[in-house]
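Rule-based calculations on the coordinates, nothing more; no lab input. Because the structure is predicted, anything quoted here is derived from the model rather than measured. Here the Cβ is made from the backbone with ideal geometry for all residues, glycine too, and neighbour counts use every protein chain on show.
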């Protein structure tokens, strides 16, 4: 389907509408918790098409319910809407971001457009469908507090039998999708270590306790968690992303803060890594005459694709694209995604949507200022998601 032809279940008008919506959202990106205009566009488009069962969630989210003409199971679809604090560096793009310092560099504009298009098509043919589809347009996937737990807390997974989503993948060529049963993405956790020493004049360091020196020693030892303190066959990533400390070049700092994340593919390992971070911080600080305290915020769980839901998507994609366009994702990623909260509650699956086009220079990774999407992927993603939805609804429970 990467030759420009449309999948059989996606009409030309719908494909054009999804691309138009994607470009509108890309031109006007909004950060987490501020997706007001994006939500208005989604709601307005749905209401114009006759979808009236809309409720708001977590300030800027929307949940639309589409009821089929016959009783049956309930499936949820999820699309995320927020952008990132990145300055887009694509000056020749006609629909480049008009919001300085904000960019859809993770493809959420594509996700929203695809899920919206699928919702419109499901509403159009609702009379012939059994069951119910709950369509979640979720805010705040990128920034804490993330949106998925709030959607769940509001009760929008009650009565749901399964959930599907998709995520663009710049490593997969346009025209193909990726599937994987089991662990797809890592569980993540943020942490902050506060190191406290004692200030003094830089010329008399013996009168103080250098919080920065203690911090440097802690950072070095934290790297050994992966290399020396955990099973080398178990994936673990500990990243220090920010260090804050000191007030002037001639003052021994009395305080320094380390901000970082940890990622695991086995939830049983999460607690052990947190324990090791605390142990290293406290003991290394003490060895340098300082004190250290650890604060953590539990983030996303491991994203686990249900095998049956994965097979459902695989079969649907093979039907739409052909078997040669359905790729097995052989290894999970150490990235995290709050869709993991949903699949912890109900069987679910996230597929990877190929967007890479090397000839057009669309090769940059997620969260890059030159990230680009081959828009031929949009009707392909919609076609597979639509086919999988119909297959789920029509299957016997």
Helix 307-321 vs. the chain, principal-axis angle (Cα, 0 to 90°, nearest 10): 50
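Cα convex hull of region 124-253: mean projected area in nm², to one decimal? Please list the in-between numbers first.
Working: hull surface 60.0 nm².
Its Cα hull, projected and averaged over all orientations, spans 15.0 nm².
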Value of [θ]222 nm, deg cm²/dmol, for the chain, DSSP H segments ≥ 4, -39500 (n - 2.57) each, nearest 500: -10000 deg cm²/dmol
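Rounded to the nearest 5, what % of the DSSP beta bridges within the chain are antiparallel ones?
Working: 47 of 71 bridges.
So the antiparallel bridges in the chain amount to around 65 percent.
What is the Cα convex hull volume of region 324-397 when expressed per residue in Å³?
Numbers: hull volume 10.4 nm³, N = 74.
Convex hull volume per residue, Cα atoms: 141 Å³.
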Kirkwood Rh in Å, taken over all unlike Cα pairs in region 284-363: 16.4
Cα-based helix-to-principal-axis angle, 12-27 vs the chain, degrees rounded to 10: 20
Relative contact order of the chain, defined on C-alpha pairs under 8 angstrom at six or more residues apart (%): 24
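Ratio of Rg to Rh for region 187-298, alpha carbon only, Kirkwood? Don't skip to the end; give the middle numbers.
Details: Rg = 14.9 Å, Rh = 14.4 Å.
Rg/Rh for region 187-298 comes to 1.03.
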Intensity falloff of the chain expressed as log10 I(q)/I(0), Debye formula with alpha-carbon point scatterers, at q = 0.08, 0.09, 0.14 Å⁻¹: -0.47, -0.58, -1.18
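May I ask you to order 318-330, 35-47, 209-221 by the average number of other C-beta atoms within 10 Å around their residues, highest value first?
Details: 318-330: 15.3, 35-47: 18.5, 209-221: 21.2.
Per-residue Cβ counts within 10 Å, averaged per peptide and sorted highest first, yield 209-221, 35-47, 318-330.
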Helix 267-287 axis, angle to the chain major axis (alpha carbon atoms, nearest 10°): 20
Compactness relative to 2.2 N^0.38 Å, alpha carbon Rg of region 36-114: 1.34
